[in-house]
Amino acid sequence: MRYKYRTRGVCSQEISFDINGNVITNIEFFGGCPGNLKAIAKVVDGKTVEEIEELFSDIRCGNKPTSCSAQLAHAVREAYEASKAI
C-alpha cells in the first residue's frame, strides 16, 4: 500500500512510501535537503516500522523539536496503525 504523509515543522513537505505489513520501501521525500533525504531513504529501505522508529524518532534539526527523519518515524507508525485498521 502506498502511503503519503504531510510533514509538520520541517523543510520537506511530504513523505511517501510503500508499506507491506510492517516493512517500509520506496521512500520519497518532497522538499528538504535532497542529498541527505535520499541517503536516509536508501539506508532504511526494507526496514521495519520499529527499526525506523528506533533510529529516528528522537532526532531534532537545529532548534526545531523534530526533523525530517523524525517525521519519517512518525509517518511509518501512522501508516502501520492505519493499515491494521483496514
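The values are calculated or read from the model by the stated rules, or taken from the named source; none is laboratory data. It should be emphasised that the depicted structure is a prediction, and the values quoted were computed from it without experimental measurement. Ideal geometry is used to build each Cβ from the backbone, glycine not excepted, and the neighbour counts take in all protein chains shown. Each accessible area value is taken on the protein alone, full model and side chains, heavy atoms only, with ligands, DNA and RNA left out. Shrake-Rupley method; radii C 1.70, N 1.55, O 1.52, S 1.80 Å.
If I filter region 48-71 down to residues being assigned to a loop (DSSP other than H, G, I, E, B) and touching a residue at least 40 places away in the same chain (Cβ under 8 Å), which single residue comes out as surrounded by the fewest Cβ atoms within 10 Å (Cβ to Cβ)?
Residue satisfying both the conditions and the ranking: 65.
Out of all the residues in region 1-13, which are open to solvent by 40 Å² or more (accessible area, probe 1.4 Å) and touching a Gly at 6+ places or on another chain (Cβ under 7 Å)?
Scanning region 1-13 gives 11, 13.
Does residue 30 fit the bill of being open to solvent by less than 30 Å² (accessible area, probe 1.4 Å), assigned to a strand (DSSP E or B) and modelled with pLDDT of 95 or more?
No; evaluated as a whole, the condition is false for this residue.
Any residue at all in region 72-85 that is open to solvent by 80 Å² or more (accessible area, probe 1.4 Å) and at pLDDT below 95?
The answer is yes; a qualifying residue exists.
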